[in-house]
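Notes to accompany the following structure.
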Amino acid sequence: MSHKKKPELTGRIVLPGEPQYDAAREEFNTFFNRFPLVIVFAQETQDVVNAVRWARYRDVPIRMRSGRHNYEGLSVVDAGIVIDVSEMHRVEVDHKHGTATVQTGLRDFALYEVLGSEGLVVPGGLCPTTGIAGFTLGGGQSSLSRPYGLIIDNLLELEIVDANGHVLHANADKHADLFWASRGGGGGNFGICTSFRFRTHRIDTVAYANINWDLQDLEPVLRTWQNYTTPGASERLTPLLTIASGLESLLLMQGVFLGSAKELRRLLQPLLRAGSPQKVTIEEIPWLEAVARIAATQPDSPEPFKSVGPFVNQLLPDEGIATIRRFIDEPPTSSVSVFFHGLSGAVARVPSEATAYFYRQALSNMSIFATWSTPDGAAPGIRWVEDFRRAMRPFTQGVYVNTPDLSIKNWPKAYYGSNFDRLTRVKAKYDPENVFKFPQSIPPACKNA
């Protein structure tokens, strides 16, 4: 592309050597340590436009960033430009039409707070500091997934800056192919999103469950817990399960239920009879308090880690549960865990080809995670995650694109199933020169394909 005049950067610009540079380049996964040429903290959409045109003019690699949570640190690049939207966090609520227009720099918990103060919700993520942009573009699994679907199932329109620095608006009627691809195609492939318009839901008080067991109860608890993820189970409950070992062990079920505490306690009777619960909390609390309690069990500050999230498409047999027990009982680092996120329900009612998010029939998503407190823990921690993922292959299918793993060879099928070819055609239309390119990014389809 060509420009009549030399493009200039606008927004808050951070360069190497400046006092704030190290903080500005840090990722949530501190295992990665990259040194960009410049970081632009956009204040408005025009800053993003200018940054894209600046990068194109100079042939500089581009990365876009919202919450810094990319598992492989791909939102920062050596000797390139990072276009960061995290200082764009305006929210406009349209009560008449039941929608909210959200700039993409907002974090999950901040979105909950802004909308929750008005008795509204968009089903965002569990981790409080995840950026809404990458979360949404990968699909977006929440504590309300079973009743309300993924966050993309509540997305009505997006604003995006394309590879030529043009601002596009995509929805079901306009640039519908780009809208399809942006719902599950993953962040960074087609452009830089600057705002989303979501459908909102009314919410106030919810029933919340928090049940702890000793780790020795893993088998009966997991065997029972997974029944709450089946199509026939109540869609008003989205169950979560954390299994952790290392310096501290944990077996914890949490869940938000759209109903009364009495109903939830009755619903959870089979789980309460599994093993010997150590502590049981089932109560009605404000929605925002439930969000805060779940957030408190998620990683809350930058740390080195390795993680990947395969999907569970069927009830785990005893052999699968035994595999989980074997890995949890052999932590190679200070902290390892498996986190199960119940899905199905409203998620499964959308066809796999209706959006780019392919694994609609999954019962749950299984996040395998390891962190370490000293540098020599990195290699065994990474190996544990990779070995665990491979050992679970007979019982899982695919991988959630928001948990990228660069060791996966056939990543197009793992992330996108049979939707990959269509994604490459959308890429060829909107970014034919592959400007937005990074490891495991979607390539443009060949012209003769």
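The values are calculated or read from the model by the stated rules, or taken from the named source; none is laboratory data. Remember, it's a predicted structure, so these values are computed and weren't measured experimentally. Quick reminder, even Gly has a Cβ in these numbers, built from the backbone with ideal geometry, and neighbours come from all protein chains shown.
Scanning the range 214-232 for residues that are touching a Gly at 6+ places or on another chain (Cβ under 8 Å) and surrounded by fewer than 21 Cβ atoms within 10 Å (Cβ to Cβ) returns Asp214, Gln216, Asp217, Pro220, Pro231.
The rows are residues; the columns are (1) touching a residue at least 40 places away in the same chain (Cβ under 8 Å); (2) of a type outside the set (Gly, Ala, Ser); (3) closer than 13 Å to Gly185 by Cβ; (4) crowded, with 18+ Cβ neighbours inside 10 Å.
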{"position": "Ile382", "(1), (2), (3), (4)": "yes, yes, no, yes"}
{"position": "Thr396", "(1), (2), (3), (4)": "yes, yes, no, yes"}
{"position": "Val401", "(1), (2), (3), (4)": "yes, yes, yes, yes"}
{"position": "Leu406", "(1), (2), (3), (4)": "yes, yes, no, no"}
{"position": "Tyr416", "(1), (2), (3), (4)": "yes, yes, yes, yes"}
{"position": "Asp421", "(1), (2), (3), (4)": "no, yes, yes, no"}
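Yes or no: Ala261 surrounded by fewer than 19 Cβ atoms within 10 Å (Cβ to Cβ), free of Cβ contacts under 8 Å to residues at least 60 places away in the same chain and of a type in the set (A, V, I, L, M, F, W, C)? Yes; evaluated as a whole, the condition is true for this residue. For the range 109-145, filtering for residues that are among the hydrophobic types (A, V, I, L, M, F, W, C), at pLDDT below 95 and within 22 Å of Tyr359 (Cα to Cα) leaves 2. The residue list Lys413, Lys429 contains one member that is over 25 Å from Arg389 (Cβ atoms) and either part of a loop (DSSP other than H, G, I, E, B) or out of contact with any Leu (no Cβ under 7 Å at 6 or more places or on another chain) (or both), which is Lys429. Of all residues in the range 94-108, those that are in a loop (DSSP other than H, G, I, E, B) and either in the same structural domain as Pro61 (by TED's automatic domain parsing) or within 14 Å of Phe135 (Cα to Cα) (or both) total 3. Is at least one residue of the range 274-281 surrounded by fewer than 17 Cβ atoms within 10 Å (Cβ to Cβ), at negative phi and not polar (S, T, N, Q)? For the range 274-281, residues surrounded by fewer than 17 Cβ atoms within 10 Å (Cβ to Cβ), at negative phi and not polar (S, T, N, Q): present. Within the range 308-336, the residues that satisfy the criterion of being outside any helix (DSSP H, G or I) and either crowded, with 21+ Cβ neighbours inside 10 Å or touching a Gly at 6+ places or on another chain (Cβ under 7 Å) (or both) are Val308, Gly309, Pro310, Phe311, Val312, Leu316, Pro331, Pro332, Thr333, Ser334, Ser335, Val336. Considering Ala133, Ala170, which residue is of a type outside the set (D, E, K, R) and in a strand (DSSP E or B)? When all the criteria are applied, what remains is Ala170. Only one residue in Ala362, Ala354 is farther than 24 Å from Phe305 by Cβ and either at pLDDT below 95 or not in a helix (DSSP H, G or I) (or both), so which one is that? Of the residues listed, the single one that is farther than 24 Å from Phe305 by Cβ and either at pLDDT below 95 or not in a helix (DSSP H, G or I) (or both) is Ala354. The sole residue among Arg12, Arg34 that is surrounded by 13 or more Cβ atoms within 10 Å (Cβ to Cβ), charged (D, E, K, R) and within 24 Å of the chain's Cα centre (by Cα) is Arg34. When we screen Ala356, Ala362 for residues that are surrounded by 18 or more Cβ atoms within 10 Å (Cβ to Cβ) and either in contact with a strand residue (DSSP E or B) (Cβ under 7 Å, 6 or more places away or on another chain) or charged (D, E, K, R) (or both), the only hit is Ala362. Could you tell me whether the range 193-205 includes any residue that is buried (at least 18 other Cβ atoms within 10 Å of the Cβ), among the aliphatic types (A, V, I, L, M) and within 19 Å of the chain's Cα centre (by Cα)? Looking through the range 193-205, none of the residues is buried (at least 18 other Cβ atoms within 10 Å of the Cβ), among the aliphatic types (A, V, I, L, M) and within 19 Å of the chain's Cα centre (by Cα).
Within the range 326-340, residues that are of a type in the set (D, E, K, R) reach partners that are in a strand (DSSP E or B) and surrounded by fewer than 21 Cβ atoms within 10 Å (Cβ to Cβ) with beta carbons closer than 9 Å, at six or more positions or on different chains, in the pairs Asp329/Ser245; Glu330/Ser245. Going through the range 39-93 one residue at a time, which ones are among the aliphatic types (A, V, I, L, M), surrounded by fewer than 19 Cβ atoms within 10 Å (Cβ to Cβ) and not in a loop (DSSP other than H, G, I, E, B)? Across the range 39-93, the qualifying residues are Val91, Val93. Among all residues of the range 47-60, there is none that is closer than 23 Å to Val401 by Cα and not assigned by TED's automatic domain parsing to the domain that holds Thr374.
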